[in-house]
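Remarks on the structure that follows.
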Amino acid sequence: MAADNEVSHQPLVSTFVSIGKDTVAMLRDAMLFLLAVLLILFPGKLNSVLTDAGFTEGSLGGFKWQSSLVNSNQALKEAQAKISELQKINNDQVKALAEARALLSDTPLKQRISKLEAENSIQKESTEIVQNSVAQTLRTNAPLVAKAQVPIEKSNLLVGLQTLGITDEERIAINGKLSADGYGLDKITWSYPAGERPSWFAPRSTVFYYSSSALPAAQELARFMKSVTQQEFAVQRGAGLGVDPSRRDVTLFVHLVRK
């Protein structure tokens, strides 16, 4: 009879062991994702320099982030929620494995389950450490996120319009429309003949921004320029080599290319 009980329990135990291993693998993947996010987006103590880091859009572990502080902060929140969900699944599996081990008389199987329980315990401790680090990062991040979400007034922006294949008169007229809509104008503005494209000029009409906090303003400016010119504008972070560092948050340059 004991042998029959042992045989009847073995498929159940095998299922528990398989599920347990899958859970450990899921937790490890999730931890690697969190560590990657922290290493890439938060290599040191988070401060205002982070908003100028300029990371490009990408994905890792099923989560997507962008260069803006607000989006990266949201990615961390999503990762934290996913880890909590996986941890709950892990806890349920540990409990089920403990119950299965109590029913077994097969020593090798009991040893395998005990080893898996030990691994899950270590994994749980490591996950809690990462979760605490993420929580601390989110708390530190909160003031910067709030600041990044405050829209920049148009009058505080400096828009520099550079055109290719457009006359001075047309450029001046567009500057007038920008000013009438409330935008501040940068003193650097110029028209280049169609056959004299500078090497640094964008290949297509583009709005350049130089700080992550200026991205929303750049996107809004791109929409305004489309309404004025009937052309689509790309939005891109510029190198900012000639931009005053103290004005990167408010400087936007527009490259308008005649189609």
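The values are calculated or read from the model by the stated rules, or taken from the named source; none is laboratory data. Since we're looking at a predicted model, the values are computed, not measured. With ideal geometry, Cβ positions are generated from the backbone for all residues, glycine too; neighbour counts draw on all protein chains shown.
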* Structure fact -> Restricting the range 86-103 to residues that are surrounded by 14 or more Cβ atoms within 10 Å (Cβ to Cβ) and within 19 Å of residue 126 (Cβ to Cβ), the one farthest from the chain's Cα centre (by Cα) turns out to be 97
* To do: State the number of residues belonging to the range 179-215 that are closer than 19 Å to residue 247 by Cα and either of a type in the set (Asp, Glu) or crowded, with 17+ Cβ neighbours inside 10 Å (or both).
  => 12
* Structure fact -> Over the range 119-134, the set of residues in contact (Cβ under 8 Å) with a residue 24 or more places away in the chain, out of contact with any Lys or Arg (no Cβ under 8 Å at 6 or more places or on another chain) and among the polar types (S, T, N, Q) is 120, 121, 126, 127, 131, 133
* Which is modelled with pLDDT of 75 or more, surrounded by fewer than 12 Cβ atoms within 10 Å (Cβ to Cβ), among the hydrophobic types (A, V, I, L, M, F, W, C) and not in a strand (DSSP E or B), of 174, 152, 166, 122? -> 122
* **Per-region count, the range 201-254, residues free of Cβ contacts under 8 Å to residues at least 40 places away in the same chain and among the aromatic types (Phe, Trp, Tyr)** => 1
* Only strands (runs of 3 or more DSSP E) wholly contained in the range 191-259 count here; list those with 1 or more residues that are closer than 19 Å to residue 173 by Cβ. => 206-209, 251-257
* May I ask you to list the residues in the range 212-259 that are acidic (Asp, Glu) and in contact with a Lys or Arg (Cβ under 8 Å, 6 or more places away or on another chain)? => 232
* **Among (1) touching a strand residue (DSSP E or B) at 6+ places or on another chain (Cβ under 7 Å); (2) within 24 Å of residue 152 (Cβ to Cβ); (3) small (Gly, Ala, Ser), the one test that residue 191 misses** => (2)
